[in-house]
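Report on the following structure.
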């Protein structure tokens, strides 16, 4: 019986940023042994200290210059003993580094090779540089978040990168399943562009007579009962969508009279008079503290939530109880707290191995495993092939 | 060349967005999916998205509370490889549909729970939806930024994150089953989906000082990496490293900006908020002078990352989207011709294939029951007794 789902699965990550980094970390979470290969300058996002941890936990780090022949040899020796290669390199780079599918699968026919470029394998845009917000902009996410007639809004969450990372991990898992049955590896690919649509799957559907999307009422919500409200001390979210919750909500807020108010007697009426209702509720919520309202609403079974910053959640009992907070020691930052096990498998639970590696932190260790002698390693360092 | 998950049977009892979407991702890749609904139907059936999240499935509508339904469900579970459900822990027990029980019926079963907040802990029975999970898990406050009011996020990101994680977890469990012969329970939640969608923001160390904002950051806060309004329309400028930033200064004929000590370490490292605003307003003044297409052409020629802000309808016509087959046409018996997302991940040797439109409520009840070995007489009895 395997202890973790991906025990003994060896993964090479090439490319970094968010999509490649997080995809490989998700595989590491389920037990894969991941080696992050970086250039001697390091992943471009190393400067974002905390975030870099959130995208790269659970790996070992190898810094190697893949523009050199010796560097390519290291990569190819590593490929021989690996199962998966994940890459999100800019178009043309993998060929230059001897890391394209043809070369890699020639060295290791059973390899599972996952590519996640910005725009696709081929097509009119593949030469363009890609960053998450460019796909947010093109795909309509920014315009829709802003709302008609208002400036577009930049999602602070790199939605295309995150979706791409998870879809990539799903793709690799499917290919591993196939390999377990047939012994065959294969090439699989997605793209930030595909992810941009997948992370708006319910929005990317059109047909004649489709009802208009609910326009966002303002920066705080869709309508009066699905909206953020400011209380005396903080904010809360009211998430009342079920018709049966409406009278319950009115009573919980001490506004029984709204139940019989003809302006709000049906969902259509409440939508129509949303501004008026919002104003009433704003006044009510502003009259007391968040905790007071949350207790009342929760007591009555009305969906609602405290509005937390990600930074406020590390001691939240719900997260702690569900293994959603993890702690590691990082060589760069000391003790790091971050997300725990986001996918829980009961029999093969996975493993939070370690914090993100420092640049080249495991170079020596990995090269010795590839049977390079200490002298050879020193020589490679001296020639700036590795760091 | 058969789809990678062909031959597997999935029973989808989940409602909402995350569970059905996860089931759809697996269905596109070859799994046969039976969507089990209450007789009133999945609560999200009224959303246009449900046409996407349920495509290619067959629908079996049952009175979930009725005693006789147990037997039907258990027969289904016996031949299933995967079950997805989104009941609260108490409700799953009440329906006698919890993992402990089902795993005894089928030891190879992979049982996936897509809950709101997780199976244990003080919030495990809390009612809610995507907005509630997103607010609680930091997405709305994070969008506002530290020091600013929260902002409502229109995309149901917690649900989408949970859907991807569920598809991933189930597939990992299928891989394990090939080796161990045993199924297991897979747990994800909207809460874990929300965290996975912001793993880079959900990090703390004493050595990191979070950035507080004194003004709204909804169009971005890094001058060379943000939205700008041109004479007519908006663009996103994404000079994500110093090379791109330097190119930008040259193309704009403003090498002085690259040399200005206030803007040293642009794009990411301008520490003073005041200097970030100064540079933002300089760039805004320049970009306002000319229409969008002028800038796009200029920047693209110089390999400076940028993109137009377009609407979803426009993106559906985008040549690269077409090239990737990311928008497909599916005929739906009710909605007519629909256009919706394609398959986001391609396994070159075992690609997926969309099986068809979303089912009507209970469209396949009789077929599915017949396949489970029920006689026509028994099926009409079920129908008379309000079971199906």
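Computed values, structure above
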{"item": "Options A:149, A:164: the member that is within 30 Å of residue B:337 (Cα to Cα), more than 7 Å from chain B (Cβ to nearest Cβ) and under 15 Å from the mean Cα position of the chain (by Cα)", "result": "A:164"}
{"item": "Residue in the stretch B:109-116 that is over 18 Å from residue A:166 (Cβ atoms) and within 7 Å of chain A (Cβ to nearest Cβ) present", "result": "no"}
{"item": "Filter pass, residue A:325 being at pLDDT 95 or above and buried (at least 19 other Cβ atoms within 10 Å of the Cβ)", "result": "yes"}
{"item": "Residue within the stretch A:272-281 that is under 35 Å from the mean Cα position of the chain (by Cα), within 25 Å of residue B:153 (Cα to Cα) and free of Cβ contacts under 8 Å to residues at least 12 places away in the same chain present", "result": "no"}
{"item": "When residues of the stretch A:228-267 are limited to those that are farther than 18 Å from residue A:291 by Cβ and under 29 Å from the mean Cα position of the chain (by Cα), the one modelled with the highest pLDDT", "result": "A:240"}
{"item": "Members of the stretch A:171-219 that are assigned to a loop (DSSP other than H, G, I, E, B), farther than 27 Å from residue B:329 by Cα and touching a helix residue (DSSP H, G or I) at 6+ places or on another chain (Cβ under 9 Å)", "result": "A:184, A:185, A:216, A:217, A:219"}
{"item": "Number of positions in the stretch A:247-289 that are within 14 Å of chain B (Cβ to nearest Cβ), buried (at least 17 other Cβ atoms within 10 Å of the Cβ) and within 17 Å of residue B:131 (Cβ to Cβ)", "result": "4"}
{"item": "Lone qualifier among B:73, B:102, B:123 - being within 14 Å of chain A (Cβ to nearest Cβ) and either touching a strand residue (DSSP E or B) at 6+ places or on another chain (Cβ under 6 Å) or closer than 20 Å to residue B:9 by Cβ (or both)", "result": "B:102"}
{"item": "So residue A:225, is it more than 26 Å from the chain's Cα centre (by Cα), under 16 Å from residue A:274 (Cα atoms) and surrounded by fewer than 20 Cβ atoms within 10 Å (Cβ to Cβ)", "result": "no"}
{"item": "Some residue of the stretch A:172-187 being more than 7 Å from every other protein chain (Cβ to nearest Cβ) and over 30 Å from residue B:175 (Cβ atoms)", "result": "no"}
{"item": "Meets criteria (more than 9 Å from chain A (Cβ to nearest Cβ), buried (at least 23 other Cβ atoms within 10 Å of the Cβ), in contact with a helix residue (DSSP H, G or I) (Cβ under 9 Å, 6 or more places away or on another chain) and under 26 Å from residue B:36 (Cα atoms)) for residue B:83", "result": "yes"}
{"item": "Residues of the stretch A:304-329 satisfying the condition of being within 15 Å of residue A:235 (Cα to Cα) and in contact (Cβ under 8 Å) with a residue 12 or more places away in the chain", "result": "A:304, A:305, A:306, A:307"}
{"item": "Residues satisfying the stated conditions in the stretch B:139-173, i.e. surrounded by fewer than 24 Cβ atoms within 10 Å (Cβ to Cβ) and either over 14 Å from residue A:145 (Cβ atoms) or outside the structural domain of residue B:23 (by TED's automatic domain parsing) (or both)", "result": "B:145, B:146, B:147, B:148, B:149"}
{"item": "Residue check for residue A:195: closer than 27 Å to residue A:149 by Cα, outside the structural domain of residue A:290 (by TED's automatic domain parsing) and crowded, with 21+ Cβ neighbours inside 10 Å", "result": "yes"}
{"item": "Only listed residue being more than 7 Å from chain A (Cβ to nearest Cβ) and part of a helix (DSSP H, G or I), chosen from B:274, B:329, B:317", "result": "B:274"}
{"item": "Subset of the stretch B:304-314 (residues that are part of a loop (DSSP other than H, G, I, E, B) and at the interface with another protein chain (Cβ under 7 Å from one of its Cβ atoms))", "result": "B:305, B:309, B:310, B:311"}
{"item": "Residues (more than 7 Å from chain B (Cβ to nearest Cβ) and either crowded, with 17+ Cβ neighbours inside 10 Å or closer than 20 Å to residue B:119 by Cβ (or both)) located in the stretch A:299-314", "result": "A:302"}
{"item": "Qualifying positions in the stretch B:346-388 - under 22 Å from residue B:321 (Cα atoms) and in contact (Cβ under 8 Å) with a residue 12 or more places away in the chain", "result": "B:347, B:349, B:350, B:351, B:352, B:353, B:354, B:355, B:356, B:357"}
{"item": "Candidate set from the stretch A:341-362 (those that are within 12 Å of chain B (Cβ to nearest Cβ) and farther than 14 Å from residue A:5 by Cβ); member that is surrounded by the fewest Cβ atoms within 10 Å (Cβ to Cβ)", "result": "A:355"}
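Residues are listed down the side, and each one gets a yes or a no for (1) more than 30 Å from residue B:213 (Cβ to Cβ); (2) in contact with a helix residue (DSSP H, G or I) (Cβ under 8 Å, 6 or more places away or on another chain); (3) outside any helix (DSSP H, G or I):
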site: A:247; (1), (2), (3): yes, no, no
site: A:295; (1), (2), (3): yes, no, no
site: A:305; (1), (2), (3): no, yes, yes
site: A:320; (1), (2), (3): no, no, no
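Residue-by-condition table, conditions (1) at pLDDT 95 or above; (2) under 18 Å from residue A:360 (Cα atoms); (3) in contact with a strand residue (DSSP E or B) (Cβ under 7 Å, 6 or more places away or on another chain):
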position	(1), (2), (3)
A:8	yes, no, no
A:11	yes, yes, yes
A:18	yes, no, no
A:22	yes, no, no
A:27	yes, no, yes
A:33	yes, yes, yes
A:40	yes, yes, yes
A:43	no, yes, no
A:49	no, yes, no
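The values are calculated or read from the model by the stated rules, or taken from the named source; none is laboratory data. Please read these numbers as outputs of a predicted model, since none were measured by experiment. Cβ: placed from backbone, ideal geometry, glycine included. Neighbour counts: every protein chain shown.
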